[in-house]
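Visitor: Sharing a structure, written as structure tokens. Questions coming.
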Amino acid sequence: MELCRQLRMTLNRDAVGEGAASSTLLNGLLYRWSFNEESGTRADSVDAADLTDNNTVGFGVGKNGNAASFVSGNNETLTKASFETGLTTAATWVLWLNPTDFTNFRAPLTKWAYQTDGEWIIDLEHTNGKIRIYIANALNDAGNNFVTTTEALTAGVWTNVIITYDGSLAAANRVAIYFDDVAATLTVNGTIAASLQSSASAALTFGNVTSGLAWSYNGLIDEPLIYSRVLTAAERTLLYNAGAGNYWPFTGLP
């Protein structure tokens with residue numbers, strides 16, 4: 001699978017004229033979705049991870065063209081079933097989020113069956129909009145292994161959220177979270193696992209958790225990226241770009 005992914009990435013870069021001078025933001029980029037579609041399947045620009053539309057995810061004005069618009073009461077999701085992400089000991093998740101409310105737990109992006117070692121949930125905490133990432137650990141259930149920001153998102157406002165994971169670090173330092181290119185203050189609960197779950201036992205899901213938890217996201221998501229490495233500070237700054245963002249294929253960027 002990895003060889004096929006690398007081949008597709010090379011062909012994709014050539015198609016957009018990146019060649020040897022391509023931006024470092026293409027290095028380790030596994031998946032990117034524009035969310036420009038108004039309905040139906042959402043196409044992956046890098047690999048073959050096109051997303052299935054469940055319960056008619058809508059669209060709205062995004063950071064770069066359209067964004068996917070989720071209505072929590074309809075349990076709307078975009079999914080890639082039984083998906084092997086390719087993530088193991090390092091990762092970066094990039095999301096532009098514009099939530100509508102925080103009246104319940106909201107999960108914009110997850111890969112979760114149920115408390116399997118290394119699976120993960122990115123969610124907004126109930127009532128306050130703080131970001132959490134759960135990473136299941138074989139030592140305990142995922143409910144006891146998570147990182148939470150002190151800072152919170154604001155409803156109705158676009159925020160660039162970047163979450164990095166480095167399994168080689170001590171458990172308390174494996175996750176870092178950035179809001180609009182500023183490092184968030186974190187509380188670490190439990191022991192964060194040293195590797196992520198990469199098998200196909202759970203779907204990749206935008207908008208909820210496939211285990212049946214009532215954590216439907218309410219609001220807009222745009223330009224999600226998933227990397228198999230930790231982005232540098234300079235790369236995070238490029239992606240935020242003083243709020244304007246920089247977007248795939250990152251033409252002209254270092």
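The values are calculated or read from the model by the stated rules, or taken from the named source; none is laboratory data. As the structure is a computational prediction, the values presented were derived from the model and not from experiment. No Cβ is skipped: glycine too gets one built from the backbone with ideal geometry, and neighbour counts run over all protein chains shown.
Visitor: Mind listing just one residue for me: the one in region 23-44 that is in contact with a Leu (Cβ under 9 Å, 6 or more places away or on another chain) and in a loop (DSSP other than H, G, I, E, B) and, of those, nearest to Thr88 (Cα to Cα)?
Guide: By that ranking, first place goes to Gly28.
Visitor: Output the residue which, of all residues in region 214-249 that are touching a Pro at 6+ places or on another chain (Cβ under 6 Å) and not in a loop (DSSP other than H, G, I, E, B), is nearest to Ala155 (Cα to Cα).
Guide: Selected residue: Gly219.
Visitor: Would you point out which residue out of Thr52, Thr56 is over 15 Å from the mean Cα position of the chain (by Cα) and outside any loop (DSSP other than H, G, I, E, B)?
Guide: Thr52
Visitor: Name the residue that is nearest to Asn55 (Cα to Cα), counting only residues in region 173-209 that are part of a strand (DSSP E or B) and among the polar types (S, T, N, Q).
Guide: Taking the candidates together, the pick is Thr205.
Visitor: Moving to a separate point now. Right, Asn64: out of contact with any helix residue (DSSP H, G or I) (no Cβ under 6 Å at 6 or more places or on another chain), over 29 Å from Thr237 (Cα atoms) and touching a residue at least 60 places away in the same chain (Cβ under 8 Å) or not?
Guide: No.
Visitor: With the requirement that a residue be assigned to a strand (DSSP E or B), over 19 Å from Ser216 (Cα atoms) and of a type in the set (Ser, Thr, Tyr), what does region 69-114 give you?
Guide: Correct list: Thr92 only.
Visitor: Taking Arg32, is it out of contact with any helix residue (DSSP H, G or I) (no Cβ under 7 Å at 6 or more places or on another chain), at pLDDT below 50 and closer than 21 Å to Ala203 by Cα?
Guide: Considered against the rule, which asks whether it is out of contact with any helix residue (DSSP H, G or I) (no Cβ under 7 Å at 6 or more places or on another chain), at pLDDT below 50 and closer than 21 Å to Ala203 by Cα, Arg32 comes out as no.
Visitor: I'd like the residue in region 63-81 that is among the small types (Gly, Ala, Ser) and crowded, with 17+ Cβ neighbours inside 10 Å and, out of all such residues, is farthest from the chain's Cα centre (by Cα).
Guide: Ser72
Visitor: May I ask you to say which residue of Ala90, Ala67 is modelled with pLDDT of 95 or more, closer than 15 Å to Ser198 by Cβ and small (Gly, Ala, Ser)?
Guide: Every option except Ala90 fails the conditions.
Visitor: Looking at this structure, is Thr187 surrounded by fewer than 18 Cβ atoms within 10 Å (Cβ to Cβ) and at pLDDT 95 or above?
Guide: So Thr187 fits the description; yes.
Visitor: Looking at the structure I just gave you, is Gly207 among the small types (Gly, Ala, Ser), modelled with pLDDT of 95 or more and within 20 Å of Asn98 (Cα to Cα)?
Guide: Yes; evaluated as a whole, the condition is true for this residue.
Visitor: Go through (1) touching a helix residue (DSSP H, G or I) at 6+ places or on another chain (Cβ under 7 Å); (2) at pLDDT 95 or above; (3) closer than 24 Å to Ala171 by Cβ one by one and return the number of the condition Val46 breaks.
Guide: Among (1) touching a helix residue (DSSP H, G or I) at 6+ places or on another chain (Cβ under 7 Å); (2) at pLDDT 95 or above; (3) closer than 24 Å to Ala171 by Cβ, Val46 violates only (3).
Per-residue answers, yes or no, for (1) surrounded by 23 or more Cβ atoms within 10 Å (Cβ to Cβ); (2) modelled with pLDDT of 80 or more; (3) under 22 Å from Thr79 (Cβ atoms):
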site	(1), (2), (3)
Thr100	no, yes, yes
Ala107	yes, yes, yes
Lys111	yes, yes, yes
Ile121	yes, yes, yes
Leu124	yes, yes, yes
Asn128	no, yes, no
Arg132	no, yes, yes
Asn144	no, no, no
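Visitor: Which one of Thr154, Thr159, Thr251, Thr150 is modelled with pLDDT of 95 or more and within 18 Å of the chain's Cα centre (by Cα)?
Guide: Thr159
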